[in-house]
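S.K.: Right, I'll just put the structure down here and ask away after.
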Amino acid sequence: MRRTNRTTPSPRQPARPRGRSVRTWVSALLAAALILIAVVRTSKARVPRADRPANPDAPVATAPVIAGGAELPPPSTNAAPPAPVDPAAVAALDRPFDPTVDVKSYNCIGFALRSYDRVDRERFHAFLARATELKSPADPCPPGWVRIWMWEYDVHRETEHGQKQPARIEGHVVAGRCDPVTGAPPATVYCKYNRDPVIGPGAPESFAPPARELVGTNSLGMRVYTVRENFVLRHFVAPPDARP
């Protein structure tokens, strides 16, 4: 009888990675982790905003909005703050201005009509119902009355890639005293944007809110813009002591 030699099969060896060594794979994973960390750190950077921080959890940055007041940031985060206006100059050109009231406590309407508070859109429209709307910007005003420029528009936030938030109606207001003799509208007025300081003087139309402006970045590192559309400019006059 022929004897057959039997050999015990050796344990199966684990397959070795093909093409790259283990060290190469580990190095690649570490490099990917470092890139991810750098992206996360970059996405946390924000363009500073005076009064409207972006929502870090939304694809589009959001911000608190004061109804009836335009929500404009400074034109540049590196720009020096505007010099305080001279109350005597404001009174000489327009109406008395109280600099002792905290400028953050009132919006553009509260300054324009000297009520020094946050006037919302509903309250302001109730005031306009008692005022006189001009049919044409060229119409004369009653001497010494207050001329009001009111912009209303649809506004929304959107990212650089076109992601949009729902639009809402917003507005901005400036006003100035008409000539006490002729009733001619003021050539220059002062202005206030939301919580920002009073600025001016300047031509009333120069204070119209911009159609598009960069406001910051969101948590994904995308630039976020405020976009304003469908502008409507209306003109009103009211007695100098009228308040909303």
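Values quoted throughout were computed directly from the atomic coordinates according to the rules given, and no laboratory measurement underlies them. What you see is a predicted model; the values in this text were computed from it and never measured. Glycine gets a Cβ as well: all are built from the backbone with ideal geometry, and neighbour counts include every protein chain shown.
S.K.: Where Lys and Arg each count +1 and Asp and Glu each count -1, what net charge lies around Pro244 among other residues with Cβ under 13 Å from its Cβ?
M.R.: +2
S.K.: In whole percent, what relative contact order does segment 142-221 give with Cα contacts below 8 Å and a gap of six or more residues?
M.R.: 26
S.K.: Using 7 Å Cα-to-Cβ label points, what is the Asn230/Ala91 separation (nm, one decimal)?
M.R.: In this crude spin-label approximation the distance works out to 4.4 nm.
S.K.: Which net charge results for the neighbourhood of Val146, defined as the other residues with beta-carbon distances under 13 angstrom from its beta-carbon, given Lys and Arg at +1 and Asp and Glu at -1?
M.R.: +3
S.K.: Find how much the distance from Glu213 to Ser136 grows on full extension, using 0.36 nm per residue of separation minus their present alpha carbon separation; answer in nm with one decimal.
M.R.: Taking 0.36 nm per residue and subtracting the Cα distance, the gain is 24.8 nm.
S.K.: Follow-up. Please list 3J(HN,Hα) in residue order for segment 183-192, calculated via the Karplus relation 6.51 cos²θ - 1.76 cosθ + 1.60 where θ = phi - 60°; whole Hz, with x for glycine and proline.
M.R.: x, 4, x, x, 6, 9, 9, 9, 9, 9
S.K.: If you don't mind, there's one more thing I want to ask. With the Cα gyration tensor of segment 104-160 giving a ≥ b ≥ c as the square roots of its eigenvalues, does the rule (a/c under 1.5 for rounded; else a/b larger than b/c for prolate; else oblate) give rounded, prolate or oblate?
M.R.: Oblate.
S.K.: Same structure, new question: Where in segment 200-227 does the label zone of His156 land, with the point 7 angstrom along Cα→C-beta and an amide N cut-off under 12 Å?
M.R.: Within reach of a label on His156: 227.
S.K.: Just report the Cα centroid separation between segment 147-189 and segment 121-141, whole Å.
M.R.: For segment 147-189 versus segment 121-141, the Cα centre distance is 13 Å.
S.K.: Using modelled backbone amide H atoms (1.01 Å from N, in-plane), which distant-in-sequence or interchain residues come within less than 5 Å of Phe97's amide H?
M.R.: So Phe97 has HN proximity to Ala91.
S.K.: In sequence order, what are the phi-derived ³J(HN,Hα) couplings for segment 129-139 according to the Karplus relation 6.51 cos²θ - 1.76 cosθ + 1.60 with θ = phi - 60°, rounded to whole Hz, with x for glycine and proline?
M.R.: Per-residue couplings from phi come out as 5, 8, 8, 10, 8, 7, 6, 9, x, 7, 5 Hz.
S.K.: While we're on this one: Multiply the residue separation of Arg23 and Arg168 by 0.36 nm, subtract the distance between their alpha-carbon atoms, and state the gained length in nm to one decimal.
M.R.: 46.6 nm
S.K.: Another question, then. Give, rounded to the nearest 20 debye, the magnitude of the charge dipole that segment 108-239 has about its Cα centre when Lys and Arg contribute +1 at Cβ and Asp and Glu contribute -1 at Cβ.
M.R.: 220
S.K.: Give a residue-ordered list of calculated ³J(HN,Hα) values for segment 199-204 (Karplus: 6.51 cos²θ - 1.76 cosθ + 1.60, θ = phi - 60°; whole Hz; x for Gly, Pro).
M.R.: Values, residue by residue: 10, x, x, x, 4, x Hz.
S.K.: So, one more: Give me Phe124, Phe236 ranked fewest to most by other Cβ atoms within 10 Å of their Cβ, as a rough exposure proxy.
M.R.: Final ranking by Cβ density, sparse to dense: Phe236, Phe124.
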